[in-house]
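K.L.:
Please find one structure pasted underneath; my questions will follow.
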Amino acid sequence: MKVSSMLIKEGVIHDPVTKKKYQADILIEDGQIQEVAPTIDRKGHEVVEAKGLWVLPGLIDMHVHLREPGREDEETVLSGMKAAINGGFVSLVCMANTDPPVDDPSVVDYILAEARKVPGFRLYPVGTITKDRKGSQLSEMYLLRERGVVAFSDDGSPIMDALTMRRAMEYCKPLGIPLILHEEDLSLSEGGQMHEGFYSTLLGRHGIPSLSEELVVFRDSALAEAIGVPV
């Protein structure tokens, strides 16, 4: 049986385990790393000259918008994954603000079924915190977790009601997965077009004050600390 081999020569390896970087050769056979050494004989191998280039493990993007279902004109699960692979990424965490949003187990099933069409790639879906991302009724968090979501987020939409946020954190705690929050007080940011400051005044544009984010961050940090959940 013929073994396919690739030799990456003189790349700068960034090792996330040892936290070190060093120059070395890497021999890959049939998709598996067989040897890492200062110098490996190039005879019999397909050689990739990597001097001065970084060699990294597969990257993970923690926040992507694959848009499917609902906005396939912008992106699909498959097109997003293929673009990720071309950029050196092997895992994606996809946000829940699709149409319909990821607030129902059937949507999770659909996304993961699409992801399985690309063997070896890892796609981690995020479920919504509330139904339709409207900030009022909690989604079926337990069922979404059972189907495979790794976090909950109403990405792009803040949860204005403190009690709803508290209940979401309390429900999330025994599930052992985090909340990813969009922190914004809409009463302060509504109609804003840019950061509030000198240039918004100069241009005559309605600004968004930093407080619109800071106040909600303070509220949710206090809730998370009291309840004991990661956010």
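Readers should treat all values here as calculations from the given coordinates under stated rules, not as data from a laboratory. As the structure is a prediction and not an experimental result, all values here were calculated from the model. Neighbour counts run over all protein chains shown; Cβ positions are idealised from the backbone, glycine included.
K.L.:
Holding the Cα-Cα limit at 27 Å, pick out from 19/173; 20/51; 82/134; 20/117 the pairs that are longer than that. Walk me through the numbers on the way to the answer.
P.N.:
Working: 19/173 32 Å; 20/51 17 Å; 82/134 32 Å; 20/117 35 Å.
From the list (19/173; 20/51; 82/134; 20/117), the Cα-Cα distance tops 27 Å for 19/173; 82/134; 20/117.
K.L.:
Right, next: How far, in degrees from 0 to 90, does helix 162-172 lean away from the longest principal axis of the Cα atoms of the chain, to the nearest 10?
P.N.:
So the helix axis and the longest Cα principal axis differ by about 40 degrees.
K.L.:
How big is the gap, in Å, between the Cα center of segment 108-129 and the Cα center of segment 1-45?
P.N.:
31
K.L.:
Continuing with the same structure: When only Cα pairs under 8 Å and 6 or more residues apart are kept, what is the percent relative contact order across segment 1-111?
P.N.:
Values: 183 pairs, mean separation 25.1, N = 111.
The value is 23 percent.
K.L.:
Between segment 155-188 and segment 59-99, how far is it from one alpha carbon centroid to the other, in angstrom?
P.N.:
Between the Cα centres of segment 155-188 and segment 59-99 lies a distance of 23 Å.
K.L.:
Something else about it: Only helical DSSP H runs with n ≥ 4 go in: add -39500 (n - 2.57) per run for the chain, normalise by residue count and round the 222 nm mean residue ellipticity to 500 deg cm²/dmol. Spell out each step's value before the answer.
P.N.:
Details: 7 runs with 66 residues, N = 231.
-8000 deg cm²/dmol, from helical runs alone.
K.L.:
Separate question: Label-point separation (nm) for residue 59 and residue 146, each offset 7 Å from Cα along Cα-to-Cβ?
P.N.:
3.8
K.L.:
Could you give the angle, 0 to 90 degrees to the nearest 10, between helix 211-227's Cα long axis and the longest principal axis of the Cα atoms of the chain?
P.N.:
In the chain, helix 211-227 runs at an angle near 80 degrees to the longest axis.
K.L.:
Give the dimensionless ratio obtained when the Cα radius of gyration of the chain is divided by 2.2 N^0.38 Å. Let's see the in-between values first.
P.N.:
Details: Rg = 22.7 Å, N = 231, 2.2 N^0.38 = 17.4 Å.
Rounded to two decimals, the normalised Rg is 1.31.
K.L.:
Compute the acute angle (0 to 90°) between the alpha-carbon long axis of helix 77-86 and the principal axis of greatest extent of the alpha-carbon atoms of the chain; round to the nearest 10°.
P.N.:
In the chain, helix 77-86 runs at an angle near 50 degrees to the longest axis.
K.L.:
Would you list, by chain and number, the aspartates and glutamates whose Cα falls below 18 Å from the Cα of residue 9, excluding same-chain residues fewer than 8 positions away?
P.N.:
25, 29, 30, 35, 41, 46, 49
K.L.:
Quick check for you: which residues of segment 164-190 have the amide N under 19 Å from the point 7 Å beyond the Cα of residue 214 toward its beta carbon?
P.N.:
Answer for segment 164-190: 182-190.
K.L.:
Sticking with the crude label model, points 7 Å out along Cα→Cβ, report the distance from residue 186 to residue 203 in nm, one decimal please.
P.N.:
2.4
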